[in-house]
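> Pasting a structure here, questions to come.
The values are calculated or read from the model by the stated rules, or taken from the named source; none is laboratory data. It should be emphasised that the depicted structure is a prediction, and the values quoted were computed from it without experimental measurement. Note: ideal-geometry Cβ built from the backbone for every residue, glycine included; neighbour counts use all protein chains shown.
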Amino acid sequence: KRTGHFDAHRFEKISNIVKQFKLSCGKAQSSFQGMQVRNSRFSAFIDAFTANTYIMVIVSNPHVQTAATVWNIQNARTHFEKFIPRI
C-alpha cells in the first residue's frame, strides 16, 4: 500500500542534501562517485550519470535485484550523454 507524501518540497530537499554531501566530499578532497543504501523497505542508488549530473533511483520492490538497477542506470547513461551537453 502506498502512503501519501505530504511534503511538496521533498525532492528539492533531497537534492540539496545530496549536493551538500558532494560539496563536503570535495572539501575533504574526496571524489564522490556514488552510493547505495538498502533497508527492509527500499534500496536507494545515487550515481554519477553524465559529466554534469547525478541520478538517484529509489526501488521499493524487494524482488528487484541490485544488479538490474545498476545495469539500467549504466545503459540509460549512454543514451542521456548524447542529449546533455558537457559544460
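Matching residues to (1) of a type in the set (S, T, N, Q); (2) closer than 21 Å to Ile17 by Cβ; (3) over 12 Å from the mean Cα position of the chain (by Cα); (4) at pLDDT 90 or above:
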| site | (1), (2), (3), (4) |
| --- | --- |
| Gly34 | no, yes, no, no |
| Arg38 | no, yes, yes, yes |
| Ile46 | no, yes, no, yes |
| Phe49 | no, yes, no, no |
| Ala67 | no, no, yes, yes |
| Trp71 | no, no, yes, yes |
| Asn75 | yes, no, yes, yes |
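> So how many residues does the range 1-56 have that are surrounded by 14 or more Cβ atoms within 10 Å (Cβ to Cβ) and within 13 Å of Val70 (Cα to Cα)?
10
> For the range 27-63, name all the residues that are over 20 Å from Ser15 (Cβ atoms) and in a strand (DSSP E or B).
Within the range 27-63, just Arg38 meets the criteria.
> Quick one: what pairs do we get from the range 4-26, first residue under 12 Å from Met56 (Cβ atoms), second surrounded by 10 or more Cβ atoms within 10 Å (Cβ to Cβ) and among the β-branched types (Val, Ile, Thr), C-beta under 8 Å, 6+ apart or different chains?
If the second residue must be surrounded by 10 or more Cβ atoms within 10 Å (Cβ to Cβ) and among the β-branched types (Val, Ile, Thr), the pairs left are Val18/Ile46.
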